[in-house]
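Asker: I'd like to ask some things about the structure below.
The values are calculated or read from the model by the stated rules, or taken from the named source; none is laboratory data. For clarity, every value in this text was computed on a predicted model and none was experimentally measured. Glycine also receives a Cβ, built like all others from the backbone with ideal geometry; neighbour counts cover every protein chain displayed. Calculation scope for accessible area: heavy atoms of the full protein, side chains included, ligands and nucleic acids excluded. Shrake-Rupley method; radii C 1.70, N 1.55, O 1.52, S 1.80 Å.
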Amino acid sequence: DYLYGVDVALVAVGTAPVYGQPDAATVRIGEALLNERVLMLDAGDRVFIHVRLDDGLTGYIKREHLTADTSSLSPENRVAKVVVRTPFKRVMSHARWGSLVVEAPMGTILYADYRNGDLLRVRLPGQEPGWINTSGVMLLPPLSAIPQGEPLGQLLVATVMAFYDSPLIPGGATKRGISPQGAIHVAGLLHGLNLSRDPSLLAGQGEAVVLTRDDEGKPDLMAAQEGDVIFFHGAGDPRLIDSLA
């Protein structure tokens, strides 16, 4: 029932910037992916809608980037759940000779209602169906969860490295512009984890790692393991996360 609530919308574009204020001139705090579900908290503004994403990130997305049609997120009468594993997956208007409809970024989850060999017809939010091939995607039964592999920490790091050398953009979550929290979130999606794009919420997930300190009181970062996330705070307020790595 959560798919069809009156307060639910889906991201209808490849990526939708999430702002901390209802103003596109402010710094972006995140980026929502194609077909991602959002809960609309306040739709009173003509341009922006106040939303909460499933990972807990709260902000503002432009109204034009969302659709109230949630049918593309339903697994009912579908043949496969499709998870994009490459930086971008081209979704075409027709099976063989179509034009580009949208580029689905890594971490996007779509549902296919028809398969013919290596071709899949996927449902798109608020649009006509699109077509993709099976390269660069993970195919799962429609109702299946994305599995967590082992060793999980190494897999997360290997996935984050897909964004190596990408431009650093506040809140970014794609190869064209990434942020640490965006990279961690997408890596989590591909390995069955819902890691928040909100650094404050992310800090409360998982288990705290206690690092030993040297004679100067600095933490021994060499003791950190693959998959650990390090949070940095400003000197003035230890509760305020300044950055992460």
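Asker: What are the principal axis extents of the Cα atoms in segment 1-143, in Å, biggest first?
Answerer: For segment 1-143, the Cα spread along each principal axis is 46, 31, 23 Å.
Asker: Continuing with this model, one more query. Dipole magnitude of the chain about its Cα centre, charges +1 at Lys/Arg Cβ and -1 at Asp/Glu Cβ only, in debye to the nearest 20?
Answerer: On the way: 21 positive and 28 negative charges, 210 e Å.
Magnitude of the dipole: close to 1020 debye.
Asker: Roughly how many whole Å is it from the C-alpha centroid of segment 164-203 to that of segment 73-95?
Answerer: If we compute the Cα centre of each part, the gap is 21 Å.
Asker: Also: Please give the net charge around Gly126, taking every other residue with its beta carbon less than 15 angstrom from that of Gly126, where Lys and Arg add +1 and Asp and Glu add -1.
Answerer: Here the charged neighbours net out to 0.
Asker: Using only Cα positions of segment 96-221, each an equal point scatterer, no hydration layer, compute I(q)/I(0) via Debye at q = 0.10, 0.11 Å⁻¹ and quote the log10 values to two decimals.
Answerer: So the normalised log intensities are -0.44, -0.52.
Asker: What accessible area, in Å² to the nearest ten, does a 1.4 Å probe give for Met106?
Answerer: Roughly 10 Å² of Met106 is accessible to a 1.4 Å probe.
Asker: Using 0.36 nm per residue, how much length does the chain from Met161 to Asp54 gain when fully extended, once their Cα-Cα distance is taken away?
Answerer: Details: separation 107, 0.36 × 107 = 38.52 nm, distance 2.42 nm.
Result: 36.1 nm gained on full extension.
Asker: For the charge dipole of segment 140-224, defined by +1 on Lys and Arg C-beta atoms and -1 on Asp and Glu C-beta atoms about the Cα centroid, which residue among Leu152, His191, Ala208 has the Cα displaced farthest towards the positive pole?
Answerer: Working it through, the farthest residue towards the positive pole turns out to be His191.
Asker: Given R₀ = 30 Å, FRET efficiency for Ile169-Asp215 by Cβ-Cβ distance, to 0.05?
Answerer: E(calc), rounded to 0.05, equals 0.20.
Asker: Right, another one. Per residue, how large is the accessible surface of segment 134-245? Use a 1.4 angstrom probe and give square angstrom.
Answerer: Per-residue value: 61 Å².
Asker: Taking segment 188-245, how much of its Cα-Cα pair set, in percent, is spaced more than 14 angstrom apart?
Answerer: Values: 1052 of 1653 pairs.
Counting pairs separated by more than 14 Å, the tail of P(r) holds 64 percent.
Asker: Next question. Give me the percent of accessible area attributable to carbon and sulfur for the chain, probe 1.4 angstrom.
Answerer: 53 percent
Asker: How many lysine pairs does the chain hold where the Cα atoms are under 25 Å apart and the two sit 8 or more places apart or on different chains?
Answerer: Lysine pair count for the chain: 5.
Asker: So if we plug the beta-carbon distance of Ala223 and Ser243 into 1/(1 + (r/R0)^6) with R0 = 25 Å, what FRET efficiency do we get, rounded to 0.05?
Answerer: On the way: r = 20 Å, r/R0 = 0.81.
The computed FRET efficiency comes out at 0.80.
Asker: Take Ala203, project a point 7 Å from its Cα along the Cβ direction, then tell me which residues of segment 218-235 have their backbone nitrogen under 14 Å from it.
Answerer: Only 229-235 fall inside the zone, counting backbone N under 14 Å.
Asker: Normalised radius of gyration for the chain, please: alpha carbon Rg relative to 2.2 N^0.38 Å, two decimal places.
Answerer: That ratio works out to 1.07.
Asker: Sticking with this one: Sum up the charges of everything whose Cβ sits under 14 Å from the Cβ of Val47, counting Lys and Arg as +1 and Asp and Glu as -1, but leave Val47 out.
Answerer: Net charge around Val47: -1.
Asker: Now for a separate question. Can you give the helix-only mean residue ellipticity at 222 nm for the chain, where every DSSP H stretch with n ≥ 4 adds -39500 (n - 2.57) and the sum goes over all residues, rounded to the nearest 500 deg cm²/dmol?
Answerer: After summing the helix terms and dividing by the residues of the chain, the value is -2500 deg cm²/dmol.
Asker: If Lys and Arg each add +1 and Asp and Glu each add -1, what is the summed charge of the other residues whose beta carbon sits under 11 Å from the beta carbon of His94?
Answerer: Counting the neighbours of His94, the net charge comes to +1.
Asker: Quote the FRET efficiency, to the nearest 0.05, computed for Gln154 versus Ala95 with a Förster distance R0 of 35 Å and r equal to the Cβ-Cβ distance.
Answerer: Once the sixth-power term is evaluated, E becomes 0.40.
Asker: Follow-up. Between Asp113 and Phe232, with labels modelled 7 Å along Cα→Cβ, what's the label distance in nm to one decimal, could you check?
Answerer: 4.9 nm
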